[in-house]
Structure formats: structure tokens, C-alpha cells
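Chemist: The structure under discussion is supplied below as C-alpha cells; questions concerning it will follow.
The values are calculated or read from the model by the stated rules, or taken from the named source; none is laboratory data. Only a predicted model underlies this, so the values are computations on that prediction, with no experimental measurement involved. Cβ coordinates were reconstructed from backbone atoms using ideal geometry, including for glycine residues, and neighbour counts include every protein chain displayed. Ligands, DNA and RNA are excluded from the accessible area calculation, which covers all protein heavy atoms including side chains. Shrake-Rupley method; radii C 1.70, N 1.55, O 1.52, S 1.80 Å.
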Amino acid sequence: MTEQTPPLIKCQDVSYNINGNSILDSISLEFQFKSWTGILGPSGSGKSTFLRCLNRLISFSDGSITYHNKPIESYPPSKLRKKICLIQQKPLMIPGSVRENLTVVKDWDPEFKTTNSLLEKTLNQVGLQALILDQDARSLSSGEQQRISLARGLLNNPEVLLLDEPTSNLDPRLARQILDTIQSLAFENNLTIIMVSHDHSLLKKYATDVGIMINGKLIETGPPTILDHPREHDSIQFLMKEPS
Amino acid sequence: MISWTDVFVSLVLIGITIVLLKWWKIGLTKSLMWGTVRSFVQLTIMGYVLTFFFQQHHWTFMVGLLLLMSLIASYEGNRRSKDHPIPHYFLILFGALVFTQIVVLGAILQFILNVEPWYYPYAMIPIAGMIIGNALNSITLTVNRFVAEMEHREAEMEMMLSLGAPIRAVAQNSIRAAIKAALLPVLNSMMMVGLVQIPGVMTGQILAGIDPLIAVRYQIMIMYMWVTSAVIADILVLTFIYKQFFTSSDQINYTFFRRNSK
């Protein structure tokens, strides 16, 4: 990470407890503009909870998170979430066509304007044909649905994409296709990517920075090469063996 | 005219029922006997209470009784919701029931029946009882369904919040499903009324010797009153409770969910 530019998002000692259980324990991490940070960890390590703290879908118990040098609490939640957009693990399609899914925001935001050509362009960006605009979104494959979910987020013009195991339901070939798409989108749209995964091979290929999270603690951060020789830890050894 | 002796003779029907239940080893005989005694005692007491109120000539008695009925209904509704305790639910119910009566009962007494005085007990008390009972049933259905929908739609709500949706929009699908579910039985009975069964109020009036053509007019008014009071009460209650399912930072408030997942 470069020292000169201030980080886009900065987490300082972020903890999250629920019912006396510590889910996140003093996480300190910085995310640079246009970086791709991968967080590796086994299921239940707190990765998804951490992502949800970043766009305030949940409130952390302790510590601070800043975005553009301002505490995230100082932004109205809806504005913050448009800028720091979460893409869920399982893409959720509302009943209706692809078009209705892409333009769902206009249900609550009268200022949300879109044109056919913008929708078509966005679909092309995520690797889909404009032909599917009027198809039933729920009839599409999970890979296509994940792309639509991505396109739906992009139409909000986000600055940061939070990816919660975005390819865990897809076969490895499709997973790489989607991440390739995200990589080129990130480049074209100046996006900052924060992705959690339990698949170290994907993180090694795409991430510019990685962190390893176990039991709510960030035990190691650095360039993707740290995944080649992680510090001794039973859980990491387990992760490395896990099939992708 | 039915006499008390006639009423006791009707116990023969209960006797037949008990024999059937025992014969088929269904159980429930104790509950049936308890229900038989309770309905007898409660309705008899109600008869005396109504007689007392019908003899009063001051509006404070009627309004007092209506408030008391609303309090009892709110207590009952609050008790039924202990599965998913909602803060201030008792007060919300009470407020919704009182408001619904002001609007619906007020309209009926003032503009439809044109009774004089406005608190004319023979109209006010039975109609208020119907409004409260129907509204409470409808509210219970609505709230149960609403909580279930919110739990079921967790992922959908998270998706919408992530796209910057305000909580009203996030709860909208659950609100719509809950009110639809509660209104369906009312709408079904509006469709079916008069085709098979003679509805309760009409049956009573016809038994009491009223011309069926007059009895239907009352019944029609009651059907309209029924659906209106259900919609007003349901919307009012949901307006007050949906916000409690979110925090002040527009997050899902998991404390109401039976399964505290986050």
C-alpha cells in the first residue's frame, strides 16, 4: 500500500459483539482507492459481518470506520450504501423481468432515471446480451443472476463494491469469468473492490492486497504472496486444503 | 320467543356432540363442556350488562363502555402476540381500535343510521362490538403475517437496503403481503355472502321477525363496515410497528426475529 494517498476507507480497531460473543475483534485495515482487497477466512470467521459494517448494514460495537476521511456515521445510510455497494453471496432476484430487477431502485427513488441504451450497455459490461432484458429474471442461471445483481449495483454508480463470496455458488470456470468481468469493470469505472472468500486461489489471482481473518481476528495482511507461506495456523492449513 | 327452558333443551345438542366425540375417541369433551358453561355464563352476563347500558341516558356510559371494550380487546391482542413481543403493542392496538371506531362507527351512526341521540345504545354498542372484534382479528392476522414475511424476506431487504432503499420501501412487500392475507377472508365472504349461508346479523333479525328486505340492508352495511374497519386498523397498526423492525440507522433490527441471525 502506498503511503502518500490517504486511504479511501480506513478501519481502526473495529469490533463487533452480539449477545456477549465477539464476532469481530479489533480489525484495523485500510483500503486504497482502486485497490482490490481480498479477505480470506473459513466460514464463520466474521468476514461477512465485517463487510456489512463497512456500508452500515450493521453497526460495529467499537472502533471507527472512515470513508473519504469522514466517519461513516456522518453519511446518511442510503447515500453511503449507494456508494459502498454490497453484492450478496446469493444473488436475489425480485419476481419479474431482468429490466424490473435492474430498475428496482425507481420504486423508491423518483430521481433514478435510466434509458434502454444504458441498461443494454450495463448488461454488456457484465457480459450479458441485451436480449435478456425482458426475460423472467428467476428463470436465469445462477451465474447470469450474479451478473444481473452486479449490473443492478453498477447502475447506482458505486465507488466501492463489497463482494460477499460472489462466486461460491458457481463452478470454478464461471467464477473466474465473473471475476474477470469485475476486474475489467473495476478498471473502467475506477472501482475499489473488497471481496471476502474462502478460496485462496481466486484471491491470489485477483487481489492486490489480502488479509487473513480467523475467529474475528485479522491475523495477517500483505500482498497476495503471503498466501503462499501463511504463518502456521491450523485454520489456515485447513483453508489451503479446501477445494476451490 | 325463546324461554330459559327452551335454552336448556338446546343442551340436548351438546349431549349429542359429546356422545359423538366419545364414540370416535376424539377427546376434547372437557373443553367442550367448559366452552358450553363459559358461553352460557358470559352471554348471560352480557345480556344483563347490555340491559343496564340500554337503560342509561348519558353518553359517558356508552363511551366508557366502548373504551373498556377496546382495552379488553387490546389486552387480548397483546397477549396473543407474545411470540414476537413488539414494544408498546398494547398502546398501538388500543389507539388503532379507538381511531377505527371514531371513523367507522362515527360515519355509521351519523350519516347512515342517523340515530338520535348520537350515542343511541341499541345501535352504538352492538356495532362497536362488531368493529372491535373484526378489527382485532384482522390486526392479529396482519401482524403475524407481517413478522413472518419480514423474517422470510431478510435477504431481499438486505439487497434493497444495499441499493440505498429507505425502510418504508424495504418493508413495503411485507406490508402488502400481510394486509392482503388479512383481507382475503373478508373479501371471500363478501363474494360468497347470500349465496349459501344467511349471515349472523340477518339470521338474528329474521328470527326476531324483521322483514328480510330490511335485514339485508343492515347486512350490506355491515359487510362494508367490516372491510373498511379491517383496512383502517391494519394500516394504522403496521404504520406504527414496521419502523420498529429497523434501527435509526436504517438497519434490520433482528431483535424481533425469532431467529437472531446477526
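Chemist: Karplus couplings for the stretch B:108-113 from phi (6.51 cos²θ - 1.76 cosθ + 1.60, θ = phi - 60°), rounded to Hz, Gly and Pro as x?
Modeler: 5, 5, 7, 10, 9, 8
Chemist: With angles folded into 0 to 90 degrees, how steeply does helix A:142-154 sit against the dominant principal axis of chain A? Use alpha carbons for both and round to 10.
Modeler: The angle comes out at about 90 degrees.
Chemist: How large a share of the accessible area of chain B, in percent, is made up of carbon and sulfur atoms when the probe is 1.4 Å and the other protein chains stay in place?
Modeler: So the carbon and sulfur contribution to the accessible surface is 70 percent.
Chemist: Can you sort B:41, B:63, B:9, B:104 by solvent-accessible area, 1.4 Å probe, largest first?
Modeler: B:9, B:41, B:63, B:104
Chemist: Give the span of chain A's Cα atoms along each principal axis, as three whole-Å numbers ordered largest to smallest.
Modeler: In descending order, the Cα extents are 51, 41, 40 Å.
Chemist: To continue, here is another question. Using modelled amide H (1.01 Å from N, peptide plane; none on Pro or chain starts), what sits under 5 Å from the amide H of residue A:18, excluding residues fewer than 5 places away?
Modeler: Counting only residues 5 or more places away or on other chains, the set is A:23.
Chemist: How large is ³J(HN,Hα), in whole Hz, for each residue of the stretch A:58-63 in order, when computed from phi with the Karplus curve 6.51 cos²θ - 1.76 cosθ + 1.60 and θ = phi - 60°, using x for Gly and Pro?
Modeler: 10, 9, 5, 7, 8, x
Chemist: I'd like the accessible area for residue A:221, computed on protein heavy atoms only with a 1.4 Å probe and all protein chains in place. Round to 10 Å², please.
Modeler: Spelled out: residue A:221, probe radius 1.4 Å, area about 70 Å².
Chemist: Compute the helix-to-body angle for B:121-152: its Cα long axis versus the longest principal axis of chain B, expressed 0 to 90° and rounded to tens.
Modeler: Between helix and principal axis, roughly 30 degrees.
Chemist: Additional query: What quantity of accessible surface, computed with a 1.4 Å probe and excluding non-protein components, is buried in total between chains B and A, in Å² to the nearest 100?
Modeler: Buried: approximately 1800 Å² between A and B.
Chemist: Right, another one. Go through B:111, B:90, B:54 and list them by solvent-accessible area, largest first, probe radius 1.4 Å.
Modeler: I get B:111, B:90, B:54, largest accessible area first.
Chemist: How about the stretch B:137-186: which of its residues lose at least 10 Å² of accessible area in the presence of all protein chains relative to their chain isolated, using a 1.4 Å probe?
Modeler: Output list: B:155, B:156, B:158, B:159, B:160, B:161, B:162, B:163, B:164, B:165, B:166, B:169.
Chemist: Taking one equal scatterer on every alpha-carbon of the protein assembly as shown, how large is log10 of I(q)/I(0) by Debye at q = 0.08, 0.11, 0.14 1/Å?
Modeler: -0.68, -0.96, -1.35
Chemist: Once you compute Rg and the Kirkwood Rh from C-alpha atoms, what is the Rg to Rh ratio for the stretch B:1-42?
Modeler: Ratio of gyration radius to Kirkwood radius: 1.05.
Chemist: Could you state the angle between the C-alpha long axis of helix B:212-241 and the longest principal axis of the C-alpha atoms of chain B, as a value from 0 to 90 degrees rounded to the nearest 10?
Modeler: 30 degrees
Chemist: How big is the accessible area of residue B:8 in square angstrom, nearest 10, if you roll a 1.4 angstrom probe over the protein chains?
Modeler: That residue has around 120 Å² of solvent-accessible surface.
Chemist: Just add up the charged neighbours of residue A:26: K/R +1, D/E -1, any other residue whose Cβ is under 10 Å from the Cβ of residue A:26.
Modeler: Neighbourhood net charge equals -2.
Chemist: Given a Förster radius of 22 Å and the C-beta distance between residue A:180 and residue A:135 as r, what FRET efficiency does 1/(1 + (r/R0)^6) yield to the nearest 0.05?
Modeler: Given R0 = 22 Å and the Cβ-Cβ separation, E is 0.40.
Chemist: Using a 1.4 Å probe, what is the accessible area per residue for chain A, in Å²?
Modeler: Per residue, chain A has an accessible area of 45 Å².
Chemist: Using the crude model of +1 on Lys and Arg Cβ and -1 on Asp and Glu Cβ, and no other charge, please compute the dipole size for the protein assembly as shown relative to its Cα centre, in debye to 20.
Modeler: Dipole about the Cα centre, nearest 20: 760 debye.
Chemist: Cross-link partners among aspartates and glutamates for residue A:205, C-alpha distance below 13 Å, same-chain residues fewer than 8 apart left out?
Modeler: Correct list for residue A:205: A:180, A:228.
Chemist: Return one whole number: the accessible area per residue of the stretch B:57-256 in Å², for a 1.4 Å probe.
Modeler: 49 Å²
Chemist: Mind pulling the per residue volume of the convex hull built on the Cα atoms of the stretch B:57-256? Å³ is fine.
Modeler: 133 Å³
Chemist: With all protein chains present, how much of the accessible area of the stretch A:1-129 (probe radius 1.4 Å) comes from carbon and sulfur, to the nearest whole percent?
Modeler: The value for the stretch A:1-129 is 48 percent carbon and sulfur by accessible area.
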